[in-house]
Amino acid sequence: MRRWLLVLLSVLLLASGLVVAIIVIRDPGGSLEGAEAWAASDCTDDVPIVVSSDARDLSDFYGAVTLAGVLGTDCVILAGPRDGDMPADQRERLDAAAAGGYVIGGPAAIPAAKIAGREMTRLSGSTRWTAAEFYGNQERAVEDATAGVSGETETGTTAGTGADEEASRSPEPTVDKGETLIAVSAGSWHSCGLRGDGSVVCWGDGESGQLSVPPGVYLAISAGAEHACGLRGDGSVVCWGDTLHGQLSVPSGVYTAVSAGAEHACGLRGDGSVACWGYNSFGQASAPSEVFLAISAGDGHSCGLRGDGSVVCWGDNSFGQLSVPPGEFSAVSAGVGHSCGLRGDGSVVCW
């Protein structure tokens with residue numbers, strides 16, 4: 001017996017006017033129905049957003065709609081179900097669209113073969129909703145600047161990977177007094193801040209290169225002792241600064257969070273696994289093979305928050321850093337010789 005689920009998406013103001021999208025999902029693994037309104041527009045020279053039309057990827061479709069609303073485009077291209085080809089009419093729309101664009105969903109949902117020949121920014125994992133809105137606002141800001149609307153003369157960059165990113169940065173980054181930052185992280189002798197346009201600026205001691213931020217658009221940053229790390233929108237992590245103990249040798253993979261410790265760092269992958277790299281004198285970079293919701297890298301130890309609210313720490317135990325009090329936590333932060341956890345009721349416990 002087929003179970004039908006009717007989902008009414010929010011009314012979005014697009015370039016073509018108000019659109020109400022009604023999605024009907026059949027049995028799990030089936031394809032989205034009722035999304036034809038998103039798959040019939042003229043994409044000529046428009047920004048394309050490619051998304052799977054498999055029912056299992058409904059959350060990706062929401063991400064695509066979010067990004068479309070921010071960008072003011074109705075060029076949402078349905079890539080077909082996971083085990084099928086991209087429909088011919090959708091391929092024609094993609095071929096007619098502007099260069100670049102976005103892919104919402106991981107390689108399993110949309111294999112690279114479906115977008116072969118095009119360089120597109122892929123948004124996937126738990127950050128895709130935030131990233132979709134962030135990149136949309138970024139692209140619109142660039143368009144406004146080009147049109148002279150915002151009064152800005154500097155053009156932004158779209159997140160990608162490696163050498164295809166085009167950006168420049170002052171050799172001596174500084175933070176203007178009164179400048180607005182959306183996130184900040186304090187290391188041992190330097191600090192880093194995340195600007196609203198996704199750029200990162202670091203200040204303080206730069207002897208080891210920790211102020212020389214690689215160009216790109218970031219979603220999160222973390223400052224360590226003499227190095228720092230940033231999470232890009234495509235899920236990649238890049239670190240800069242001291243590399244004496246391999247702090248910059250980030251393992252490959254797609255991450256959702258990163259934490260820089262004293263001389264090591266840890267990253268949380270989309271499947272909940274943790275990868276750590278750098279100095280491992282006490283085992284602080286030897287993460288347990290478990291599933292975590294959050295991680296924090298300290299000095300000689302690291303900690304992770306499990307899905308059941310418990311916290312486990314690994315590495316140096318000289319001062320009892322691994323003796324985590326029982327109970328449920330909602331956040332954890334590892335320091336030099338101690339750690340602290342936030343309880344659900346707002347209380348704090350340190351050990």
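Listed here are the residues, each with its yes/no results for (1) aliphatic (A, V, I, L, M); (2) open to solvent by less than 50 Å² (accessible area, probe 1.4 Å); (3) assigned to a strand (DSSP E or B).
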residue: Asp60; (1), (2), (3): no, yes, no
residue: Gly63; (1), (2), (3): no, yes, no
residue: Leu67; (1), (2), (3): yes, yes, no
residue: Thr73; (1), (2), (3): no, yes, no
residue: Pro81; (1), (2), (3): no, yes, no
residue: Met86; (1), (2), (3): yes, yes, no
residue: Glu92; (1), (2), (3): no, no, no
residue: Pro107; (1), (2), (3): no, no, no
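Given Ser252, Ser286, Ser212, which one is polar (S, T, N, Q), open to solvent by 30 Å² or more (accessible area, probe 1.4 Å) and under 16 Å from the mean Cα position of the chain (by Cα)? Can you show your working first?
Working: Ser286 fails: under 16 Å from the mean Cα position of the chain (by Cα); Ser212 fails: under 16 Å from the mean Cα position of the chain (by Cα).
Just a single option satisfies the conditions, and that option is Ser252.
Which residues, counting only those in the range 219-249, are buried (at least 23 other Cβ atoms within 10 Å of the Cβ) and of a type in the set (Ser, Thr, Tyr)?
Correct list: Ser222 only.
For the structure I just gave you, tell me whether Ala147 is closer than 16 Å to Val217 by Cβ and at pLDDT below 80.
Details: closer than 16 Å to Val217 by Cβ: no; at pLDDT below 80: yes.
Criteria not met by Ala147.
Of all residues in the range 177-190, which are outside any loop (DSSP other than H, G, I, E, B), open to solvent by less than 60 Å² (accessible area, probe 1.4 Å) and closer than 21 Å to Gly233 by Cα?
Going residue by residue through the range 177-190, those that are outside any loop (DSSP other than H, G, I, E, B) are 183-186, 190.
Still in the running and open to solvent by less than 60 Å² (accessible area, probe 1.4 Å): 183, 185, 190.
Scanning the range 177-190 gives Ala183, Ser185.
Which number in (1) open to solvent by 60 Å² or more (accessible area, probe 1.4 Å); (2) closer than 30 Å to Gly105 by Cα; (3) among the small types (Gly, Ala, Ser) marks the one condition that Gly344 misses?
(2)
When you go through Val291, Val250 one by one, which is the residue that is aliphatic (A, V, I, L, M), at pLDDT below 95 and out of contact with any helix residue (DSSP H, G or I) (no Cβ under 9 Å at 6 or more places or on another chain)? Give the steps one after another, and end with the answer.
Numbers: Val250 fails: at pLDDT below 95.
Sole residue among the options that is aliphatic (A, V, I, L, M), at pLDDT below 95 and out of contact with any helix residue (DSSP H, G or I) (no Cβ under 9 Å at 6 or more places or on another chain): Val291.
Rundown of residues vs (1) among the polar types (S, T, N, Q); (2) out of contact with any Gly (no Cβ under 8 Å at 6 or more places or on another chain); (3) without any contact (Cβ under 8 Å) to a residue 40 or more places away in the chain, yes/no style:
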{"residue": "Glu226", "(1), (2), (3)": "no, no, yes"}
{"residue": "Asp242", "(1), (2), (3)": "no, no, yes"}
{"residue": "Gly253", "(1), (2), (3)": "no, no, yes"}
{"residue": "Asn280", "(1), (2), (3)": "yes, yes, yes"}
{"residue": "Gly283", "(1), (2), (3)": "no, no, yes"}
{"residue": "Ile295", "(1), (2), (3)": "no, no, yes"}
{"residue": "Ser318", "(1), (2), (3)": "yes, no, yes"}
{"residue": "Ser323", "(1), (2), (3)": "yes, yes, yes"}
{"residue": "Ser330", "(1), (2), (3)": "yes, no, yes"}
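The values are calculated or read from the model by the stated rules, or taken from the named source; none is laboratory data. Model, not experiment: these values are computed from the prediction. Counting neighbours? That spans all protein chains shown, and the Cβs are built from the backbone with ideal geometry, glycine included. Ligands, DNA and RNA are excluded from the accessible area calculation, which covers all protein heavy atoms including side chains. Shrake-Rupley method; radii C 1.70, N 1.55, O 1.52, S 1.80 Å.
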